[in-house]
Amino acid sequence: MRILLVEDDHAIATSLQHTLQLEGFEVCWVDTAEAALAAGPADVVLLDVTLPDLSGFEVCRRLRSREVDCVAAMGIVMLTARGDEVDRVLGLELGADDYIVKPFSVRELVARVRAVARRVGGVRGGAPDEAAPQVLGPLSVDRVGRRIHLDGQELDLTAKEFDLLAYLAEVPGKVHTRQHLLTELWDPHWYGPTKTVDVHVASIRRKLGDAAWIEAVRGVGFRFEVPGEHEEQLATAGDAAIQ
């Protein structure tokens, strides 16, 4: 995954670049708004608000205004020492996906980068095409718009519930351990109880109206299934065998 790091403080940028590379990211570092706007496509942009030539807010606005698919699909995480609510709101309204106030922990930054990348399709790993909703029986998962519909009705999900359901639905039938889900969706260095996954799964099941959508695998974790689909496949296979 390619990260464009836009930071004019060379000490901070050098440290971030080194750390992100150790985490397996490809990092391109620039220190001006002009260079950021001229850079090639990236999966995630880490964008400092205070730059020598233009505000990071303006860079964010210009990136989002471009009518180029590879740019529109970028995740943008703004980095700033300005933690005022009005600044955070402005950044998000201009198209930022997340907003991190300095100082921050590297662990938190990496976790947020991965989360943003998943939302915008930067990390695919065999996942369905992010440009179009994934249709699973009566369920429709729109990862770009971050909306999930069941029988045409939009589900009222929290941000974390959406992330969890969309992640499980990427590959129906695949079993994910609780620890894997915590690492991918919460924190790559999660050391707390794993029951938080169960709590979110229980809430999602209630909103889906059928626990069969997310099956618990005893002693392991969870897998996503379309209710009734497995039985239909067995019935079809049985009919074929009879013929």
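Given (1) at pLDDT below 85; (2) touching a strand residue (DSSP E or B) at 6+ places or on another chain (Cβ under 8 Å); (3) acidic (Asp, Glu), identify the lone condition not met by Asp142. Exception for Asp142: condition (1). Against the list (1) in a loop (DSSP other than H, G, I, E, B); (2) touching a residue at least 60 places away in the same chain (Cβ under 8 Å), the condition Thr19 fails is (1). When Asp48, Asp53, Asp43 are checked against the criterion of being over 19 Å from Phe104 (Cβ atoms), in contact with a strand residue (DSSP E or B) (Cβ under 8 Å, 6 or more places away or on another chain) and acidic (Asp, Glu), Asp43 stands alone in meeting it.
Taking segment 100-111 as the range and being under 14 Å from the mean Cα position of the chain (by Cα) and closer than 13 Å to Leu47 by Cβ as the test, only Leu109 passes. Candidates Val89, Val77, Val101, Val49: the one that is within 15 Å of Glu7 (Cβ to Cβ), aliphatic (A, V, I, L, M) and at pLDDT below 85 is Val101. Just one residue in the set Leu51, Leu47, Leu20 is assigned by TED's automatic domain parsing to the domain that holds Val77, surrounded by 14 or more Cβ atoms within 10 Å (Cβ to Cβ), of a type in the set (A, V, I, L, M) and touching a Gly at 6+ places or on another chain (Cβ under 7 Å); that residue is Leu47.
Among the listed residues Asp151, Asp198, Asp239, which satisfies the condition of being loosely packed, with under 14 Cβ neighbours inside 10 Å and either at pLDDT 90 or above or assigned by TED's automatic domain parsing to the domain that holds Ala111 (or both)?
Unique residue meeting the criteria: Asp151.
The values are calculated or read from the model by the stated rules, or taken from the named source; none is laboratory data. Bear in mind the structure is a predicted one, so any value in this text is a computation, not a measurement. Neighbour counts run over all protein chains shown; Cβ positions are idealised from the backbone, glycine included.
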